[in-house]
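Contents: one structure, followed by commentary.
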Amino acid sequence: MSGFEHILQNTRAASERADEAFLRALPKTELHLHLEGSLEPELMFELAARNGIQLPYQDVDQIRQAYNFTNLQSFLDIYYQCADVLRTEQDFYDLTWAYLQRCHEEGVVHIEPFFDPQTHTDRGIAMQTVLDGISRALADGHEQLGISSGLILCFLRHLSEEAAFATLEQAIPYLHVFIGVGLDSSELGNPPEKFAKVFAAAAELGLHRVAHAGEEGPIAYIEGALDVLNVERIDHGVRCTDSEAMMTRLAAEGIPLTVCPLSNTRLKVYQHMSEHPILELLQRGLCVTVNADDPAFFGGYLLANYQALADHLGMTRGQAAQLAANSIQASFITVEQKTLLLEKLEQVIVA
Ligand code: ADE
Ligand code: ZN
C-alpha cells in the first residue's frame with residue numbers, strides 16, 4: 001500500500017460523501033480542457049462587439065438555448081462557429097485569463113490546457129497571435145495566481161495529416177511555449193493511424209503526446225492511440241468499458257484516462273450521470289482523472305464535474321481524493337512537483 005492509500009484508509013471521514021468545501025480544497029490539476037471551450041457567451045458577445053462581428057444569436061440566452069447537443073458533431077459545429085470571435089492577441093489573452101481565474105476559485109493548481117491552432121490559422125489568424133495571447137495569460141496565471149501550466153497543441157483529426165504537419169512546422173519557433181501535442185475533433189471515421197507520422201515527428205521533437213480516443217469511437221481507436229501514436233494519456237477513453245482486456249491493460253500499464261463527466265452526459269455518451277462508469281473504473285485500478293473538456297458549453301468547470309459525481313454517484317471523500325491524486329500523478333510535471341502537490345493533498349485529507 002502506498003503512503004497515500006494508507007492515509008486514505010486511516011482517515012475516518014474517507015467514506016463520507018464528498019461535499020463542496022472538501023472538493024474545492026483538494027489541490028487538483030486539469031488535464032483535459034479546450035481553451036476555446038471555455039469561451040463563455042458573455043465574453044463571446046464582448047469580443048464580437050470589440051471586433052465588429054455580427055453573431056447569429058440575439059443574446060446570451062439564445063446562445064445557451066442552442067447548446068442542446070445530440071452527439072459530438074452537433075457540438076463541434078457550434079463550437080467552431082463560436083471561435084470566430086477570437087481574432088486578436090488580447091482576445092486569446094482574455095479567454096485564457098478568464099479560465100485561469102475560474103481555476104483559482106476552484107482549487108486547481110496546475111493545468112495542461114489544449115488549443116486548436118488550425119481553427120484559427122485557417123481563418124487567417126497567425127500562430128504567433130494565438131500563442132502570444134495564450135502564453136502571456138499563462139505566465140500571468142503562474143505569477144499572480146500560482147497556477148503552473150503546460151500547453152498542448154491539438155491537431156484537428158477531421159483535417160489531413162498533411163495539414164497537421166504544416167501546423168507542427170508553423171509551431172516549431174514556439175517549442176518553448178508548449179509541451180505536447182494532442183488529437184481532437186470528429187472521432188468517428190478519423191482513426192489515430194491517420195496521424196502516425198506527425199505524432200512520430202512530435203516525439204522526435206521531444207513533445208509529449210495525448211489523443212482523444214474512445215469518446216464515441218471504438219476500442220480499436222484506444223488501441224491505435226496507444227500502439228501507433230504512442231500516447232502517454234488517453235483523453236476520454238470511457239469506451240474502454242466495452243472490453244475487459246482493454247480495462248485490464250489500462251490498469252496494468254497505468255495509462256491515465258482524462259475523463260469528462262459533464263461532457264459525456266451533454267454529448268449523450270451517457271443519458272444520465274448515474275450511468276457514468278468513472279468510479280467503477282477507479283475501483284478497478286485505472287488511473288482515471290476528472291476534467292471539464294469544454295466547460296462553457298457543458299454547464300460547468302472542474303469543480304462542477306467533481307460535484308456531479310458526488311451528487312449522482314455518491315462519490316466519497318476517499319474517492320475524490322484518489323481522483324485528485326490521479327490528476328497529479330497523470331500530469332507532465334516533475335516528480336518533485338508531484339511530491340509537493342501530493343503532500344498538500346494529504347494535508348487536506350487529514351485536516
Ligand atoms: N474539441 C473540443 N471538445 C472536444 C471533444 N470533447 N471531443 C473531440 N474534440 C473536441
Ligand atoms: Zn476534449
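The values are calculated or read from the model by the stated rules, or taken from the named source; none is laboratory data. Since this is a predicted model, take the numbers as computed values, not measurements. Cβ: placed from backbone, ideal geometry, glycine included. Neighbour counts: every protein chain shown. With ligands, DNA and RNA removed, areas are computed over all heavy atoms of the protein, side chains included. Shrake-Rupley method; radii C 1.70, N 1.55, O 1.52, S 1.80 Å.
Observations, loosely collected:
- Members of the range 100-119 that are outside any strand (DSSP E or B) and within 16 Å of ligand 2 (Cβ to nearest atom): 112, 113, 116, 117, 118, 119
- Within the range 166-211, the only residue that satisfies the criterion of being open to solvent by 40 Å² or more (accessible area, probe 1.4 Å), among the small types (Gly, Ala, Ser) and either within 22 Å of residue 238 (Cβ to Cβ) or under 15 Å from the mean Cα position of the chain (by Cα) (or both) is 189.
One line per residue, one yes/no per condition, for (1) touching a residue at least 24 places away in the same chain (Cβ under 8 Å); (2) of a type in the set (Ser, Thr, Tyr); (3) within 15 Å of ligand 1 (Cβ to nearest atom); (4) in contact with a Pro (Cβ under 7 Å, 6 or more places away or on another chain):
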{"position": "28", "(1), (2), (3), (4)": "yes, no, no, no"}
{"position": "44", "(1), (2), (3), (4)": "yes, no, no, no"}
{"position": "49", "(1), (2), (3), (4)": "no, no, no, no"}
{"position": "75", "(1), (2), (3), (4)": "yes, no, yes, no"}
{"position": "97", "(1), (2), (3), (4)": "yes, no, no, no"}
{"position": "101", "(1), (2), (3), (4)": "yes, no, no, no"}
{"position": "124", "(1), (2), (3), (4)": "no, no, no, no"}
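- Meets criteria (under 26 Å from residue 268 (Cβ atoms), acidic (Asp, Glu), free of Cβ contacts under 8 Å to residues at least 60 places away in the same chain and assigned to a helix (DSSP H, G or I)) for residue 169: no
- When the range 80-99 is filtered for residues that are open to solvent by 10 Å² or more (accessible area, probe 1.4 Å) and in a helix (DSSP H, G or I), the ones remaining, listed by number, are 80, 81, 84, 89, 90, 93, 94, 97, 98.
- Selection over the range 212-225 of residues that are open to solvent by less than 10 Å² (accessible area, probe 1.4 Å) and away from ligand 2 (no atom under 16 Å from the Cβ) gives a count of 1.
- Hits in the range 19-57 (condition: part of a loop (DSSP other than H, G, I, E, B), open to solvent by less than 10 Å² (accessible area, probe 1.4 Å) and out of contact with any strand residue (DSSP E or B) (no Cβ under 9 Å at 6 or more places or on another chain)): 26, 39
- Selection of helices (runs of 4 or more DSSP H) fully inside the range 232-320 by the criterion of at least 3 residues being crowded, with 23+ Cβ neighbours inside 10 Å returns 261-266, 295-298, 302-313.
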